Amino acid sequence: MPPPRFADGFHVLAPDRRGFGESETVDRGQGTAAQAADILGFMDAVGLDRAVMVGNIAGPTTLMTYLGEHHPDRVAAIVYLTHMAPGSASPRDAAVAEFWDMASRTACDWDEETRQRQTEADDYRPQFIDDPDFRIDVPALSRANEGGTRYPADFDFVGVLLQQVENGEWCDAMAKAYFAALAADTARATELRNRLGDLTGAAILPAFEGAFGPRMTVVRLGVPAVSGYEYLWAPDLIYPHIRTFLERVARGDP
């Protein structure tokens, strides 16, 4: 585990989302609105009127954006560890949905229940996608690669997974069979790439950035790709920017 950060000058709390870590899974839905209610309930329970939200990858990114859109009075600021719009910002057809389901099966620490929770949570479409005039009145910090996106423009996620057919270790027989069949069918793989569209997220980044307007600060790290896990393997690359941002928020700077 990385050493504690920011606790010297800030009150730091790290709740597990429902169904993750030590939090229990409950019977009601796992959707974004329900998870947001969990966070607000947690804040109420510990006496927090407002908080800075920090998170990475699709789940937390989606949740933080939802809170910023629907409950800006409870969000002091948002820190995105990856420069990406929420995971459900783009519509998906059946072939794309199958691909992402099979891709999730390559995560060996995810069981069927976890995959189902992730599917149920994918129910939120940010308002800024359909309304270019919509604004999220919350300061935000995000980290991008040298080109201002999360991944390079030529990033090929389909190809990354197809490479595992020959060289990877598979923990799910269904996923292995799916990607083996996809690797053997070049035309199908090409069509799937086209259906997946912009995997880098660059196509909707202008709308995402525009929703925050001048209240979003995007730091370009000078690296080819931003994984979202730099806080584990390259903390000094990102923590100075976060501290500067938090100090600015604490002072009430816009």
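The values are calculated or read from the model by the stated rules, or taken from the named source; none is laboratory data. Because the structure is a prediction, the values reported are computed rather than measured. Note: ideal-geometry Cβ built from the backbone for every residue, glycine included; neighbour counts use all protein chains shown. Accessible surface is based on the protein model in full, side chains and every heavy atom, while ligands, DNA and RNA are left aside. Shrake-Rupley method; radii C 1.70, N 1.55, O 1.52, S 1.80 Å.
What to note about this one:
- Note on residue 250 and residue 94: the model spin-label points, each 7 Å out from Cα along the C-beta direction, lie 5.5 nm apart.
- More than 11 angstrom apart: percent of Cα pairs within the stretch 152-193: 66 percent
- In loop segments of the stretch 175-238 as defined by DSSP, the chymotrypsin sites (Phe, Trp or Tyr not before Pro) with at most 13 further C-beta atoms inside 10 Å of their C-beta are 229.
- Within-15-Å neighbourhood charge of residue 184 [Cβ basis; K, R +1; D, E -1]: -1
- Site pair residue 184 and residue 131 shows an inter-label distance of 5.0 nm when each label is modelled 7 Å from Cα along Cα→Cβ.
- Chain lengthening between residue 170 and residue 237 when straightened (0.36 nm per residue, less Cα-Cα): 20.9 nm
- Proximity of backbone amide H atoms, modeled 1.01 Å from N, is registered between residue 78 and 53, 140, 141 at under 5 Å, excluding neighbours fewer than 5 places apart on the same chain.
- Projected label distance in nm at residue 49 and residue 154, using a 7 Å step from Cα toward the beta-carbon: 5.3 nm
- Other residues with beta-carbon under 14 Å from the beta-carbon of residue 221 carry, at +1 per Lys or Arg and -1 per Asp or Glu, a net charge of 0.
- Per-atom-type breakdown for the stretch 127-188 gives carbon and sulfur 49% of the accessible area (1.4 Å probe, protein chains only).
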